[in-house]
Amino acid sequence: MTMLEAGALASHFTLLGLDGRDYSLPGDLGGQPAVLAFFRVKCDTCDLAFPYINRLREAYPEGWTLWAISQDDVERTAEYAGRFGLSYPVL
């Protein structure tokens, strides 16, 4: 695993969202800071974290971007996103 140094740029990528749209880093960020929440549907820590991540999004709705990035297949990811009320892009 490679750690990024403070101030380093993340690698560019494009991922397909559950909404059928492509999301690209950094292209779709519009110069805003971003939080990328990587998860697996069988992760107890993720289950605990997403209600807090959702509240963070509700408390600060503007000025930053939030994407949830799944490591699982589309069907399980969609079910998980529905169960946890992920109202932001799920890739």
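If you filter the stretch 61-91 down to residues that are more than 23 Å from residue 9 (Cα to Cα) and among the acidic types (Asp, Glu), you find that the one that is most open to solvent (accessible area, probe 1.4 Å) is 75. When each of 18, 9 is tested for being within 12 Å of the chain's Cα centre (by Cα) and assigned to a loop (DSSP other than H, G, I, E, B), the lone residue that passes is 18. Could you grab me the full set of residues in the stretch 25-56 that are among the small types (Gly, Ala, Ser) and under 16 Å from residue 71 (Cβ atoms)? The answer is 37, 49.
For the stretch 17-25, the criterion of being out of contact with any strand residue (DSSP E or B) (no Cβ under 8 Å at 6 or more places or on another chain) and modelled with pLDDT under 90 is satisfied by no residue at all.
Each residue in the stretch 1-60 was checked for being under 25 Å from residue 73 (Cβ atoms), surrounded by 10 or more Cβ atoms within 10 Å (Cβ to Cβ) and polar (S, T, N, Q), and 3 pass.
The values are calculated or read from the model by the stated rules, or taken from the named source; none is laboratory data. Just so you know, these numbers come straight off a predicted model, no measurement behind them. So basically every Cβ, Gly included, is an ideal-geometry build from the backbone, and we count neighbours across all protein chains shown. The protein model used for the area step is the full one, side chains on, heavy atoms only, and it has no ligands, DNA or RNA in it. Shrake-Rupley method; radii C 1.70, N 1.55, O 1.52, S 1.80 Å.
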